[in-house]
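Step one of this worksheet: look at the structure below.
FYI, it's all coordinate maths here, none of it is from the lab. Predicted model, so just to flag it, every value in this text is computed and none were measured. Ideal geometry is used to build each Cβ from the backbone, glycine not excepted, and the neighbour counts take in all protein chains shown.
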Amino acid sequence: MPPLSSDTVAAADALKSQTRGEVLTPSDAGYDASRTIWNAMIDRRPAVIVKCAGVADIRRAVAFARDHTLPLSIYGGGHNIAGSAVCDDGVMINLSQMKSVRIDPIARRAFVEPGATLGDFDHEAQAFGLATPLGINSTTGVAGLTLGGGFGWLSRQFGMTVDNLVSADVVTATGDLLHVDAESHLELYWAIRGGGGNFGVVTLFEFALQPVGPEIFGGLVVLPIAQAKDALIRYRAAVETMPDELSVWVVTRLAPPLPFLPPEVHGKPVIVFAICYTGPVKDGPDATAVVRHFGAPVGEHVGPMPYEMWQKAFDPLLAPGARNYWKSHNLATLPDGLFDALIEAVATLPSPQCEIFIGQIGGQTGRVAVNATAYPNRDANYVMNVHGRWDSASDDARCVAWARDFFDAAAPFALGSVYVNFMTQDEAGRVGEAYGANYERLVAAKTRYDPHNLFRQNQNIAPSATA
């Protein structure tokens, strides 16, 4: 990045004196650590990083970026695949110090600051046997997940994350702090439930909680890839009668060295059925028995376990520091042609860490009207993600090409829409596909709340040119 101008340096020094948290510039200790995010492909250098300690700091940071016409990015958990948390030569609002999670077990509400991770949330909520639908990796940030829609193991039973967002506090581009809910600033409340970080900085989320756990029944059933086609056909038939309390996701990859797998399976192509059943634990064996009949497993690990532990089960495969590139489709059905393309892609995995997963949603997620929230993809029964993951920059071209090739091969079987949180930095042209029929209403909300597009370091919804 070019050296900071003397005016910017002076302004940053003034901001330091007005901020309760830290203000970092490139020469400060901690600068590099504060700009590092989950996806190692992203290497951007903000001019100023504001590690906010509270709402006052956020408002000052927003005003600083606005008044100095600098790019502005927002770091919640730093997990977004596109790296939207970090900008070049601008202001990065780092919310990682704002991690409070307060649970009201009587009202079944969670009040969550924007730097909290899924692990932070689950740790507090599970102390009372409560949860809300979140993702599947405990180090993911609650804020970014929620603002893009959010789904996970509980979504078939309780809907998308945004379907459980009761209210939020939002700092807008003008620096106003607005409390939004079904009765106040309704259009902004609608827009942040899936519209990403386009409308402001959320400083507090209020979620509805549901009784879940503290134990669930779940685990993994692993089959050799030679059985994949027959197993997927059986899976497709079984999902038609699965209760909402049961979610079964499909993962195809090279087998990691899990202790319940024989050594000769390690590193070989497998198909994994990941099971989460949130009904009575005693009913778990019967409710999940169908999965054990998809084929002849080479290994399985299924039984009662803490929900909080299950939420961390995939953390080792999603640790920070690797290079990641994703391509994603929404699916209504699972045709044979998709299975054939999937199996062919697994035969050419370019890295031991690459995988393709099919996340089962449907259930309650599809019973909500398309226009009820900004997240519109209520016809998506599955979200398929092509997860390219590797360590060396020298493998970038090969691994990215593999992900794109399978994405293209799967396109004829997809809905044409996409989950915005799975879009990479080169997919700005798919924003319309992410929002479908809700896109024009989102443009209107953007034009009202951010007419000059201050919040544009994201999968951007541009305001109307007439603003």
Q) Fewest to most neighbouring Cβ within 10 Å: what's the order for L72, L95, L317? A) L317, L72, L95
Q: Kindly list the residues of the range 141-163 that lie in the label zone of D286, defined by a backbone N under 16 Å from the point 7 Å along the Cα-to-C-beta vector.
A: none
Q | D (Stokes-Einstein, µm²/s), Kirkwood Cα radius, the range 87-187, 1.567 mPa s at 4 °C | A | 89 µm²/s
Q: Round to the nearest 10 and give me the degree value, 0 to 90, for the angle of helix 336-346's Cα axis relative to the longest principal axis of the chain.
A: 70 degrees
Q. Roughly speaking, what is the centre-to-centre gap between the range 406-443 and the range 151-219 when only Cα atoms are used, to the nearest Å?
A. 21 Å
Q.
Could you tell me which residue out of Y435, A208, A410 lies farthest along the dipole of the chain toward its positive end? Charges go on the beta carbon: Lys and Arg +1, Asp and Glu -1, centred on the Cα centre.
A. Y435
Q | Over the range 199-280, relative contact order from alpha-carbon pairs under 8 Å, at least 6 apart, % | A | 43 percent
(Q) Under a crude label model (7 Å from the Cα following the beta-carbon direction), how far is V9 from K268 in nanometres? (A) 6.3 nm
Q. Which label marks the calculated value of P(r) over Cα pairs in 20 Å bins from 0, in percent, given the options (i) 25, 57, 17, 0; (ii) 23, 51, 18, 5, 2; (iii) 20, 39, 25, 12, 5, 0?
A. (i)
Q: With the Cα gyration tensor of the range 196-262 in hand, give its eigenvalues times 5 under a square root as the equivalent ellipsoid semi-axes, listed largest first in whole angstrom.
A: 33, 18, 16
Q: Give the whole-number value, in cubic angstrom per residue, of the convex hull volume spanned by the C-alpha atoms of the range 63-146.
A: 97 Å³
Q) Three principal axis extents, largest first, for the C-alpha atoms of the range 6-94, in Å? A) 33, 27, 25
Q | Violating pairs (Cα-Cα greater than 29 angstrom) within the set K327/K446; K282/K327; K268/K327 | A | K282/K327
Q.
Taking the alpha-carbon distance from K16 and a cut-off under 16 Å, which lysines remain once sequence neighbours fewer than 8 residues away in the same chain are dropped?
A. K51
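When each pair of different Cα atoms in the range 215-422 is counted once in the 1/r mean, what is the Kirkwood radius in angstroms, to one decimal?
Kirkwood hydrodynamic radius for the range 215-422: 17.8 Å.
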(Q) Between A347 and D379, how high is the FRET efficiency from 1/(1 + (r/R0)^6) when r is the Cβ-Cβ distance and R₀ = 22 Å? Nearest 0.05. (A) 0.10
Q) Considering the zone a paramagnetic label at I106 would reach in this model (a point 7 Å from Cα along the Cα-to-Cβ line), which residues of the range 199-222 have amide N under 19 Å from it? A) 207-211
(Q) If each residue of separation counts as 0.36 nm, what is the full-extension length gain between A397 and A372 once their alpha-carbon separation is subtracted? (A) 5.0 nm
(Q) Counting each pair of different Cα atoms once, what's the Kirkwood radius of the range 108-161 in Å, rounded to one decimal? (A) 11.0 Å
**Q.** Magnitude of the charge dipole, the chain, Cβ model with Lys/Arg +1 and Asp/Glu -1, debye to 20
**A.** 140 debye
